[in-house]
Amino acid sequence: MNAPPSGAAGRAVHTDLRAWAFAVCVATMWFEILWRTARDAPASSLSPVLAAAVGLVTQLAFTALEASLGVATWASFGRQVRWNALAPALFTASVTEAFAVSLIAEQPAWPQAWRVVLAGPRALPEVAAAGPFAQAFAGLGALTLLRLVLATHAHASALSERAWPSPPAAPRWRAAALLVLGFYWSSRLAIWWGLDLFRGRSFEP
Amino acid sequence: MTTRDRWKDLNLAALLLAVGVLATTGIAWWRDRVQRFESPRWDTERFVALRPAEREAPAKPPRERWVVAVSLACPHCQEHLRALAARTASREHPPALAALIVDQPARPLAFDLGVPLLGGAWWDSTQVWRESWGRRAYGETFRFSASGELLSSTPAGVVPDSASIPM
């Protein structure tokens, strides 16, 4: 594969700065939503600020891990992707999830059907009593689908960065979509199995 | 080794660890699902009575027994037991509410669940709840018929005979 033309490094720095600026804006949104959710929640041992900080750090840690796993997976297929390019873009994609959390927790005057379409069945109070499989996939709504599309875009863009000439868009998007869906399904499976193990045969007839 | 190589190794280690955790969880889940457990049935001979159940007058119709799996280290499930007692106390024919103390290796000598229990308090000394019934969620409420057959089992925070109504 040929080297990118001169000037590409400068453009990459500029793109990185822009990506991190977006990520900082999203982090601020996450903090505010988590703080409001913690403030309105029933009594907790943590103060709303501390609860929001813990939630934000957890979100950042999971995104960092997701980017690491993405970089390593691409590397195992012989493709080079920079963590610095992927991590902020993935975190920015989580803005849809922040919106879903605010839709559920703050209970605005949105019709229930809209909330379920956007945030998934987790917007229904009954989901707390549902089985582990239903709970693992309870977040599957339009906003999650949008996050998956944005994450696919993040991977596809990161894939094109190091390759010159840039590979065609369609195969890049296909590969990126497969990876994002693979990660999503793996995480849901882990949650399903973990919840199932945690509760054993409880609540079964 | 350069810094880039170290990051590469770290990313690879994270990937291998994630795949390992997923595979281990999957195997553990599969092994758990193929295991056979008994269907719960209330049999007083399998448990140790810590507080006796109240005797019913022979003329009264037999009542259901609601048994809450309680861990003495779990304030949430004890709170559920008290909420259930408060919720059913005003009924004309309340169920016999009982506590089944689980995951307690030694016989509890002094404990206060903060509620009178018509169905008594029982110690699961032989881990029937966990090992024979395969149950793991504290606060789970078993609704047994007067003859000991399981009618339903519901999580904490739910009234067993009206599961759609959260407490």
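Restricting to the range A:68-100, count the residues that are at the interface with chain B (Cβ under 10 Å from one of its Cβ atoms), hydroxyl-bearing (Ser, Thr, Tyr) and over 17 Å from B:ARG6 (Cβ atoms).
2
Identify, from the list B:ARG135, B:ARG87, the residue that is of a type in the set (Lys, Arg), farther than 25 Å from B:ARG55 by Cα and surrounded by 15 or more Cβ atoms within 10 Å (Cβ to Cβ).
B:ARG135
Looking at B:ARG36, is it in a loop (DSSP other than H, G, I, E, B) and either within 11 Å of another protein chain (Cβ to nearest Cβ) or of a type in the set (Gly, Ala, Ser) (or both)?
When the stated conditions are applied, B:ARG36 passes them.
Does B:TRP42 qualify as being more than 9 Å from chain A (Cβ to nearest Cβ) and buried (at least 16 other Cβ atoms within 10 Å of the Cβ)?
The answer is yes for B:TRP42.
Taking the condition surrounded by 20 or more Cβ atoms within 10 Å (Cβ to Cβ) and either at pLDDT 95 or above or of a type in the set (Asp, Glu) (or both), does B:VAL67 pass?
Spelling it out, B:VAL67 is indeed surrounded by 20 or more Cβ atoms within 10 Å (Cβ to Cβ) and either at pLDDT 95 or above or of a type in the set (Asp, Glu) (or both).
Could you check, for the range B:71-78, whether at least one of its residues is in a helix (DSSP H, G or I), more than 14 Å from chain A (Cβ to nearest Cβ), more than 22 Å from B:LEU151 (Cβ to Cβ) and of a type outside the set (Lys, Arg)?
Yes, some residue in the range B:71-78 is in a helix (DSSP H, G or I), more than 14 Å from chain A (Cβ to nearest Cβ), more than 22 Å from B:LEU151 (Cβ to Cβ) and of a type outside the set (Lys, Arg).
List the helices (runs of 4 or more DSSP H) that sit entirely inside the range A:131-205 and contain at least 1 residues that are crowded, with 16+ Cβ neighbours inside 10 Å and free of Cβ contacts under 8 Å to residues at least 24 places away in the same chain.
Here the list reads A:142-161, A:169-199.
Would you confirm whether or not the range B:107-124 contains a residue that is touching a helix residue (DSSP H, G or I) at 6+ places or on another chain (Cβ under 7 Å), under 30 Å from B:ARG33 (Cβ atoms) and part of a loop (DSSP other than H, G, I, E, B)?
The answer is no; no qualifying residue exists.
Across the range B:114-151, what is the number of residues that are at the interface with another protein chain (Cβ under 7 Å from one of its Cβ atoms) and not hydrophobic (A, V, I, L, M, F, W, C)?
4
Is it the case that some residue within the range B:48-57 is loosely packed, with under 11 Cβ neighbours inside 10 Å and either at the interface with another protein chain (Cβ under 7 Å from one of its Cβ atoms) or aliphatic (A, V, I, L, M) (or both)?
yes
Given the conditions (1) aromatic (Phe, Trp, Tyr); (2) more than 16 Å from the chain's Cα centre (by Cα); (3) closer than 30 Å to B:LEU151 by Cβ, which single one is not true for A:PHE137?
(2)
Just to be sure before I move on: is B:THR25 β-branched (Val, Ile, Thr), outside the structural domain of B:SER153 (by TED's automatic domain parsing) and surrounded by 15 or more Cβ atoms within 10 Å (Cβ to Cβ) in the structure I sent?
Taking the combined requirement at face value, the residue satisfies it.
Of (1) closer than 23 Å to A:HIS153 by Cβ; (2) modelled with pLDDT under 90; (3) surrounded by 16 or more Cβ atoms within 10 Å (Cβ to Cβ), A:MET1 satisfies all except one. Which?
(3)
Within the bounds of the range A:108-129, is there any residue that is more than 14 Å from chain B (Cβ to nearest Cβ), under 18 Å from A:ALA67 (Cα atoms) and exposed (fewer than 15 other Cβ atoms within 10 Å of the Cβ)?
no
The values are calculated or read from the model by the stated rules, or taken from the named source; none is laboratory data. Quantities reported herein were computed from a predicted structural model and do not represent experimental measurements. With ideal geometry, Cβ positions are generated from the backbone for all residues, glycine too; neighbour counts draw on all protein chains shown.
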